[in-house]
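Accompanying notes for the structure given below.
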Amino acid sequence: MDCNRQTEAALAQLQASTPIGRVVMHISPDTKTWQNTAADVVVRDGDVLFVPKKAGYVMVNGQVFNPTAIGFRPGHSAKWYLSQAGGVTQIADRKAVFVIRADGSVIAAKNNNSGWWGGDPMSATLRAGDTIVVPERRQRSAVATGR
């Protein structure tokens with residue numbers, strides 16, 4: 001199959017599949033600033049809009065000594081919130097830490113070649129409702145290490 005046919009087949013498959021999940025929308029109260037732009041999301045029959053209450057905390061999950069919700073303090077970074085949760089464990093993958101914003105967007109340093117996710121999650125100033133995730137470091141197998 002040539003490249004053109006593969007592209008057409010992929011596009012046809014994408015058009016036929018029903019989107020699932022959440023859509024992050026950044027809208028301001030002034031509708032004139034986003035009306036008829038890319039930010040003006042089309043709502044269809046059956047769609048559900050959910051606007052959560054503003055959280056007063058930041059969640060810290062994964063490989064930390066005390067996974068917990070920490071009361072939101074304006075101006076503090078993910079690094080500060082991690083310290084409040086006791087810091088990362090010995091098996092934490094420090095380079096893979098990421099932040100899920102309350103609006104669903106993600107700040108991740110690892111695999112950030114596409115430019116879709118932005119910045120350094122450790123120095124990012126967090127907002128109420130954000131979640132810090134500290135993954136476990138992947139163990140290298142004996143075959144990979146040559147042992």
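The values are calculated or read from the model by the stated rules, or taken from the named source; none is laboratory data. A quick note: this is a predicted structure, and the numbers were derived from the prediction, not measured. Counting neighbours? That spans all protein chains shown, and the Cβs are built from the backbone with ideal geometry, glycine included. Just so you know, the surface numbers come from the protein's heavy atoms only, side chains and all, with ligands and any DNA or RNA stripped out. Shrake-Rupley method; radii C 1.70, N 1.55, O 1.52, S 1.80 Å.
Brief remarks on what is shown
- Hits in the stretch 35-61 (condition: of a type outside the set (A, V, I, L, M) and within 20 Å of the chain's Cα centre (by Cα)): Phe50, Pro52, Lys53, Lys54, Gly56, Tyr57, Asn61
- Scanning the stretch 46-83 for residues that are crowded, with 17+ Cβ neighbours inside 10 Å and in a loop (DSSP other than H, G, I, E, B) returns Gln63, Phe72.
- Pro52 falls short on exactly one of the conditions (1) over 30 Å from Val88 (Cα atoms); (2) out of contact with any Ser or Thr (no Cβ under 9 Å at 6 or more places or on another chain), and that condition is (1).
- Whichever residue in the stretch 24-45 is touching a residue at least 12 places away in the same chain (Cβ under 8 Å) and surrounded by 10 or more Cβ atoms within 10 Å (Cβ to Cβ) and, among such residues, is farthest from Tyr81 (Cα to Cα): Val41
- If the condition is being assigned to a loop (DSSP other than H, G, I, E, B) and either modelled with pLDDT of 75 or more or open to solvent by less than 90 Å² (accessible area, probe 1.4 Å) (or both), then the stretch 1-23 contributes Asp2, Ser17, Gly21.
- Screening Ser83 with (1) touching a helix residue (DSSP H, G or I) at 6+ places or on another chain (Cβ under 8 Å); (2) modelled with pLDDT of 95 or more gives one miss only, at (1).
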